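In what follows, a structure is listed as structure tokens, so that the remarks can point back to it.
The values are calculated or read from the model by the stated rules, or taken from the named source; none is laboratory data. All values reported here derive from a predicted model rather than from experimental measurement. FYI the Cβ positions are ideal-geometry reconstructions off the backbone, even for glycines, and counts take in every protein chain you see. To get the accessible areas, we keep the full protein, side chains included, count just its heavy atoms, and leave off ligands, DNA and RNA. Shrake-Rupley method; radii C 1.70, N 1.55, O 1.52, S 1.80 Å.
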Amino acid sequence: MHTSAQAFDWRAGWRYGLMGLPLAFVALPLYVLLPNHYAREFGLSLASLGALLLAVRLFDAVIDPWLGRWSDRLFALSPAAVLRWGALTAALLCAGFALMFFPPAAVSAANTRLLVWLGLSLLLTTVAFSALSILHQAWGARLGGNEAKRSRVVAWREGFGLVGVVFASISPIALGIPATTAILFIVIMAAWLAWCSAPVPLRQAASLATGAWRGASGLWLPWSRPGFRALMAVFMVNGIASAVPATLILFFVQDRLQAPAAMVPLFLGCYFVCAALALPLWLKVVGRIGLARTWGLGMALALAVFGFAAQLGAGDNLAFGVVCALSGVAMGTDLALPAALLNGQIEVHGDRGQSEGAYLGWWAFASKLNLALAAGLALPLLGEFGYAPGARDAQALVTLTWAYCLLPCALKTLALALLYFTHIRETP
């Protein structure tokens, strides 16, 4: 293992960041493919699947802060302990994924047993996924450094994550689930081996001597930091603003644009590819104007793009492709910069080397809560104001446009204002 240094070149970047690929690769089938697979292949009802998935995901979100404190305890022992547990959680993640998609014939023959099997295997997979993600993110947070270095660390991880999303959107359809599972096993093993040779965070003896990681008080430590509370407010408002169109994009494409189903993968692919390509450009901007101002610039671009999207109608497929490309570019700032700002807050408050896991546990909790709040906000509003899937009447489509385009704009504007008053205005 290499020691941490202020420089973070491409060699260090890919060794640390590669784990982002299998984590993103497994997330897409887990959240998108799984319900459809169990409904079509095994005939489980959508109501049963929905209730089970909701229960497991809520449990997964709630335990994230405790997984963060567990991460801090491992880092207090040694980086080698973190890597050992990283290997174990990676193995459990792969095992859970395989068990989830390949239930035994005796189990799949009965709905009750199949639901129990799905619940247990999904719980194993999601908890292992969350634990491995937090360990990996905490490792990057503990590398420290200036704004440029922190943004590069996160960008390498998220860049590989985008590659994983693109592969995961293609692999199950083109190669099938068995091949997708085999690819996951190979890639996650390669990523762990690369992680073993990545730069190692500097250990701080104070975290052991003071016992700052012990007990429930450490769990709530981040909330005692005003900088964290301010950043979390921006992150959650902006996160809901980004999650609303992600929740509604299929409705908008099918009903507002009335585009063929074959266009959906093209739109999504354009979005993710442009986000990945934009990351190096945003890092150059960070070097000139700093993290907070660059994030604000990304928010402003998203505002302009969704304001334009509100004018689109049936047949405007090419224009919506441009919307996907530019919103992907804007999303690049959401991927790399908030986590880099969080790492800076950990440094400013003197918690580096002691409490990164606590911060990242709450951060993961907020990320999952954003998705739930977006669905809970947008979907009921659509129904309340007269939209239903498949609607073509003018009022219903206006409602859909307001929800997909203008609600995110309102939330982005609020997030941008919060960012300005809490971060940009305070930065010389």
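Before moving on, here are some points about what is shown:
- Residue check for Val82: surrounded by 17 or more Cβ atoms within 10 Å (Cβ to Cβ), within 19 Å of Met19 (Cα to Cα) and over 21 Å from the mean Cα position of the chain (by Cα): yes
- Single condition Leu381 does not satisfy, out of (1) in a helix (DSSP H, G or I); (2) buried (at least 16 other Cβ atoms within 10 Å of the Cβ): (2)
- Reported count of residues in segment 69-111, each being closer than 30 Å to Gly43 by Cβ, touching a Phe, Trp or Tyr at 6+ places or on another chain (Cβ under 9 Å), among the aliphatic types (A, V, I, L, M) and at pLDDT below 90, is 2.
- Scope segment 389-428; condition out of contact with any helix residue (DSSP H, G or I) (no Cβ under 7 Å at 6 or more places or on another chain) and either within 30 Å of Leu341 (Cβ to Cβ) or among the aliphatic types (A, V, I, L, M) (or both); matching residues: Ala394, Ala396, Val398, Leu406, Ala410, Ala417, Phe421, Arg425, Glu426, Pro428
- For segment 277-294, the condition of being in contact with a Cys (Cβ under 9 Å, 6 or more places away or on another chain), among the hydrophobic types (A, V, I, L, M, F, W, C) and within 24 Å of Met232 (Cα to Cα) holds for none of the residues.
- Matching residues, segment 402-428, being within 30 Å of Gln258 (Cβ to Cβ), of a type outside the set (Phe, Trp, Tyr) and open to solvent by 70 Å² or more (accessible area, probe 1.4 Å): Thr413
- Qualifying residue in segment 45-68 (condition: of a type in the set (Asp, Glu), at pLDDT 80 or above and within 17 Å of the chain's Cα centre (by Cα)): yes
- Every residue from segment 130-165 that is of a type in the set (A, V, I, L, M), part of a helix (DSSP H, G or I) and either open to solvent by less than 20 Å² (accessible area, probe 1.4 Å) or without any contact (Cβ under 8 Å) to a residue 60 or more places away in the chain (or both): Ala131, Leu132, Ile134, Leu135, Ala138, Ala141, Val153, Val154, Ala155, Leu162
- Every pair of residues 6+ apart whose Cβ atoms lie under 7 Å, when the first sits in segment 333-359 and is under 20 Å from Leu283 (Cβ atoms) while the second is in a loop (DSSP other than H, G, I, E, B) and modelled with pLDDT of 85 or more: Gln345/Arg225
- Among residues of segment 272-284 being open to solvent by 40 Å² or more (accessible area, probe 1.4 Å) and more than 18 Å from Leu21 (Cβ to Cβ), the one that is modelled with the lowest pLDDT is Leu283.
Residues checked against (1) of a type in the set (Ser, Thr, Tyr); (2) surrounded by fewer than 18 Cβ atoms within 10 Å (Cβ to Cβ); (3) touching a Leu at 6+ places or on another chain (Cβ under 9 Å):
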site	(1), (2), (3)
Glu41	no, yes, no
Leu49	no, no, yes
Leu52	no, no, yes
Gly86	no, no, yes
Thr89	yes, no, yes
Val127	no, no, yes
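- Checking each residue in segment 166-220 for being polar (S, T, N, Q), modelled with pLDDT under 75 and open to solvent by less than 20 Å² (accessible area, probe 1.4 Å) picks out only Ser207.
- Selection count, segment 104-120, where residues are open to solvent by less than 60 Å² (accessible area, probe 1.4 Å), outside any helix (DSSP H, G or I) and either among the aliphatic types (A, V, I, L, M) or in contact (Cβ under 8 Å) with a residue 24 or more places away in the chain (or both): 1
- On the stretch given as segment 286-338, residues that are among the charged types (D, E, K, R) and outside any helix (DSSP H, G or I) total 1.
- Pick from segment 257-271, criterion in contact (Cβ under 8 Å) with a residue 60 or more places away in the chain and assigned to a helix (DSSP H, G or I), ranking: least open to solvent (accessible area, probe 1.4 Å): Gly269
- Failed criterion for Thr399 (all others in (1) farther than 22 Å from Gly239 by Cβ; (2) β-branched (Val, Ile, Thr); (3) open to solvent by 60 Å² or more (accessible area, probe 1.4 Å) hold): (3)
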